[in-house]
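Structure record follows, encoded as structure tokens.
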């Protein structure tokens, strides 16, 4: 299977795993050995950037304090990741698409709080991860659908309706989606 890096994974309505129910994941890495992505439409219910900065003791953010922190997935829940526009890449930043980068350094949080960071960002705790071949099998079983990521979908679209919008972008009504194919 070709790499899904830079693609959005859209959870099937029949995913069968409540942790990923109605999720949209930006795939940051995918090769034959492993895959990793961040859920981009699940803001934490009780944690915003101001709270996170306080917990990390890096000062109060001068900008975006009320912005939510997202739950990026069930793996490494204490590890932070920042998806961001590529207008502010650090040496340790990773290119996800030609417009989107990923940084897992506290330095980018400091830059955001100082107002010199990326123009667009999503701060997440945790990630979604797959072992060798696991995501490929899930794709073959129609657990996930995929479409190309764009800065509009990743950063600008309403998080509450992103899952439904992604299905619409694929031309599929989730109410009529069949998770498996039959045989005659």
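Just checking, which of 73, 129, 117 is in a loop (DSSP other than H, G, I, E, B) and under 19 Å from residue 21 (Cβ atoms)?
Working: 129 fails: in a loop (DSSP other than H, G, I, E, B); 117 fails: under 19 Å from residue 21 (Cβ atoms).
Every option except 73 fails the conditions.
Against the list (1) in contact (Cβ under 8 Å) with a residue 12 or more places away in the chain; (2) assigned to a loop (DSSP other than H, G, I, E, B); (3) at negative phi, the condition residue 91 fails is (1).
Does residue 106 qualify as being touching a strand residue (DSSP E or B) at 6+ places or on another chain (Cβ under 8 Å) and buried (at least 20 other Cβ atoms within 10 Å of the Cβ)? Write out each step before concluding.
Numbers: touching a strand residue (DSSP E or B) at 6+ places or on another chain (Cβ under 8 Å): yes; buried (at least 20 other Cβ atoms within 10 Å of the Cβ): no.
Spelling it out, it is not the case that residue 106 is touching a strand residue (DSSP E or B) at 6+ places or on another chain (Cβ under 8 Å) and buried (at least 20 other Cβ atoms within 10 Å of the Cβ).
Residue 73 meets all of the listed conditions (1) within 16 Å of residue 8 (Cα to Cα); (2) without any contact (Cβ under 8 Å) to a residue 40 or more places away in the chain but one, namely (2).
The residues of the stretch 48-64 that are farther than 15 Å from residue 81 by Cα, surrounded by 12 or more Cβ atoms within 10 Å (Cβ to Cβ), touching a strand residue (DSSP E or B) at 6+ places or on another chain (Cβ under 9 Å) and free of Cβ contacts under 8 Å to residues at least 24 places away in the same chain amount to a single one, 51. The single condition from (1) farther than 12 Å from residue 117 by Cα; (2) under 15 Å from the mean Cα position of the chain (by Cα); (3) assigned to a strand (DSSP E or B) that residue 78 fails is (2). Beta carbons closer than 7 Å, at least 6 apart along the sequence or on distinct chains, pair a first residue in the stretch 106-118 that is over 18 Å from residue 95 (Cα atoms) with a second that is crowded, with 16+ Cβ neighbours inside 10 Å and at pLDDT below 90 for 112/61; 112/64; 113/53; 113/61.
The values are calculated or read from the model by the stated rules, or taken from the named source; none is laboratory data. Everything quoted here is computed from the prediction, not taken from an experiment. When we count neighbours, we look across all protein chains shown, and the Cβ atoms used for this are built from the backbone with ideal geometry, even at glycine.
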